Each structure stands twice: as C-alpha cells, then as structure tokens.
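Trainee: Pasting a structure here, questions to come.
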Amino acid sequence: MARLSISNLTKTYDNGVKALNNISLEIESGMFGLLGPNGAGKSSLMRTIATLQTPDQGSITLNGIDALNEPEALRRVLGYLPQEFGVYPKISAEELLDHIAVLKGISKTKERKELVDYLLQKVNLYEKRKKAVKSFSGGMKQRIGIAQALIGDPKLIIVDEPTAGLDPGERNRFHNLLADVAESVIVILSTHIVDDVKELCSDMAIMNKGEIMYKGTPQNVLSEL
Ligand code: ADP
Ligand code: ADP
C-alpha cells in the first residue's frame with residue numbers, strides 16, 4: 001500500500017505570491033481529489049510534489065522517500081500528467097512512449113516494445129499507435145498522457161486538471177481509465193470540477209488561497225458547502 005505524507009508545506013514565488021500556506025495532507029491508495037478554483041494553488045502543490053519546484057519549508061514523503069532529500073528516487077516512483085501535456089509534436093504515440101521508456105531507464109528494446117504495446121492497449125490507443133500525437137483529440141492526448149505516466153511502475157500518479165475541454169464521451173473514457181489505474185496506485189486528481197471528484201474519488205480536499213479548507217470523503221466535505 002502506498003502512502004504520501006505532506007506536512008507544513010509553504011511556497012512563496014519570487015513575485016511574493018504565497019501559493020502554498022502550511023499545507024498538510026495524508027493520502028493513501030485510491031483516488032484523491034484536490035478541488036479548488038483557479039489560482040487556489042493546486043498546480044503549485046502538484047508541481048512541488050512532482051519535485052519540479054522546491055518549497056520554502058515543509059516535507060513530502062512517498063513510501064518513506066523524502067522528496068526534498070532524494071528527488072531522483074521520488075521521480076522514479078512518480079508519474080505526472082501536467083496540465084499541458086503534448087510537447088512532442090511530430091512523433092507517433094508508439095515513439096513517444098518508447099522515448100519516455102528510454103528516459104526512465106528501460107534499456108532493452110524488446111522489454112520496451114512489450115511495455116509500449118501493453119500500455120497502448122490499456123489506454124485503448126493501440127489502433128492509433130502509428131499516428132502523430134499532435135493529431136490526437138483532447139481525450140486521446142489525455143489517455144496517452146496516462147500511458148506515459150504509467151511507465152516505470154509508479155506508486156503515485158499526479159493528474160493536473162485533466163478533463164478541461166473533453167467532450168462527455170471522452171471524459172467518461174478518461175474517468176474509467178483513471179478508476180482502473182487507481183486500483184493499484186495512488187492517483188491525485190487536481191480539478192475545479194466538483195462532479196469529477198464526486199464520481200471518482202474516495203477522499204478529497206478543498207483548497208483555496210493556498211490553504212486546505214476541508215478534507216474528508218466527498219460525501220462529508222461536499223455536504224459542508
Ligand atoms: P492555472 O490554470 O493552474 O491557474 P495559470 O494559468 O495560473 O495556471 O498558469 C499557467 C502557467 O503560468 C503555470 O505554469 C504557472 O507556473 C505560470 N504562472 C502563473 N501565474 C504566474 C505568475 N504570476 N507569474 C509567473 N508565472 C505564472
Ligand atoms: P491553481 O492550479 O489552483 O489554479 P496555481 O498553483 O497555478 O493555482 O496558482 C496559485 C497562485 O500562484 C496564483 O496566484 C498564481 O498566479 C501564482 N503562481 C503560479 N505559478 C507561479 C509562478 N511560476 N510564479 C509566480 N506566481 C505563480
């Protein structure tokens with residue numbers, strides 16, 4: 001079972017904006033929803049957990065691995081789907097996953113081929129594997145984003161604002177995929193859409209102005225609003 005512990009996390013940007021103000025959270029296996037309006041600090045928290053930026057103070061540990069002292073070790077057990085995924089304009093879905101597998105240290109070609117085929121099937125894009133990621137619809141891009149996040153057997157997957165711009169069918173497919181993934185790893189879903197959290201998450205927190213306002217099950221938290 002995976003466990004993410006965040007304690008007393010604070011982050012102030014160079015321009016003086018305090019994006020995180022003393023955040024503490026314990027997250028265990030399953031899907032955790034981080035709900036909050038634009039500017040609440042969700043992306044700042046996700047980027048800090050993903051070790052893409054350092055906090056002013058506080059600590060983050062995933063299964064005992066300290067994000068501040070051992071960022072490389074943490075990155076090895078983390079999958080991250082950023083808000084804007086898709087900076088590989090010319091390559092196919094298959095090539096994209098293969099490249100990321102190389103970056104994550106899977107050196108054997110045969111092993112990569114098996115993994116890439118498995119992931120393409122898992123996210124239902126095997127038929128589209130030769131197509132350029134650039135030509136994909138929003139929903140397909142999100143699914144390939146989940147496939148890349150799954151490379152390397154992560155214990156935690158961070159998904160930042162995933163369903164913006166998806167049509168209802170794509171959104172449903174994406175939700176089913178996340179629910180499937182969350183059976184074996186922690187998934188943190190950052191969103192401003194209440195229904196996403198209601199439909200998918202076993203635990204949640206509401207963030208506003210850099211602070212955690214409420215945390216608990218969606219049933220309990222949402223009834224307080
Ligand atoms: P969000 O939709 O998460 O609120 P924003 O539109 O605020 O995202 O930010 C988009 C990108 O711009 C992010 O990568 C963020 O780091 C950066 N950014 C946001 N606000 C500022 C700012 N005031 N100064 C510099 N960079 C910013
Ligand atoms: P959310 O993801 O909930 O929309 P963000 O974490 O993107 O919130 O932003 C929280 C606050 O921090 C906002 O006021 C935003 O403008 C500011 N901010 C985000 N990224 C940066 C950055 N790189 N530099 C300066 N300010 C930033």
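Trainee: Do you know which of the residues in the stretch 65-94 that are part of a loop (DSSP other than H, G, I, E, B), within 16 Å of ligand 1 (Cβ to nearest atom) and in contact with a helix residue (DSSP H, G or I) (Cβ under 7 Å, 6 or more places away or on another chain) is modelled with the highest pLDDT?
Mentor: Gln83
Trainee: Any residue in the stretch 174-192 that is away from ligand 2 (no atom under 16 Å from the Cβ) and in a strand (DSSP E or B)?
Mentor: yes
Trainee: While we're on this one: Gly41: at pLDDT below 95, crowded, with 22+ Cβ neighbours inside 10 Å and touching a strand residue (DSSP E or B) at 6+ places or on another chain (Cβ under 6 Å), yes or no?
Mentor: Numbers: at pLDDT below 95: no; crowded, with 22+ Cβ neighbours inside 10 Å: yes; touching a strand residue (DSSP E or B) at 6+ places or on another chain (Cβ under 6 Å): yes.
Answer is no for this residue.
Trainee: With the checklist (1) in a helix (DSSP H, G or I); (2) without any contact (Cβ under 8 Å) to a residue 40 or more places away in the chain in hand, flag the one item Leu225 doesn't pass.
Mentor: (1)
Trainee: Then there's this: Checking Ile60 against (1) more than 16 Å from ligand 1 (Cβ to nearest atom); (2) in a helix (DSSP H, G or I); (3) farther than 30 Å from Lys130 by Cβ: exactly one of these is not met. Which one?
Mentor: Result: Ile60 fails condition (2) only.
Trainee: Right, another one. Pick from Asn15, Asn8: which is more than 15 Å from ligand 2 (Cβ to nearest atom) and not small (Gly, Ala, Ser)?
Mentor: Details: Asn15 fails: more than 15 Å from ligand 2 (Cβ to nearest atom).
Of Asn15, Asn8, the one residue that is more than 15 Å from ligand 2 (Cβ to nearest atom) and not small (Gly, Ala, Ser) is Asn8.
Trainee: From the residues in the stretch 128-176 that are among the basic types (Lys, Arg) and either under 22 Å from Lys42 (Cβ atoms) or in contact (Cβ under 8 Å) with a residue 40 or more places away in the chain (or both), which one is surrounded by the most Cβ atoms within 10 Å (Cβ to Cβ)?
Mentor: Selected residue: Arg143.
Trainee: Can you tell me which residue within the stretch 44-69, out of those that are within 16 Å of ligand 2 (Cβ to nearest atom) and among the β-branched types (Val, Ile, Thr), is surrounded by the fewest Cβ atoms within 10 Å (Cβ to Cβ)?
Mentor: Here the residue is Thr54.
Trainee: Another question, then. Could you please let me know if Ile23 is within 17 Å of the chain's Cα centre (by Cα), more than 10 Å from ligand 2 (Cβ to nearest atom), outside any loop (DSSP other than H, G, I, E, B) and over 20 Å from Ala182 (Cα atoms)?
Mentor: no
The values are calculated or read from the model by the stated rules, or taken from the named source; none is laboratory data. All of these numbers come straight from a predicted model, not from anything done at the bench. Backbone-built Cβ (ideal geometry, glycine too); neighbour counts: all protein chains shown.
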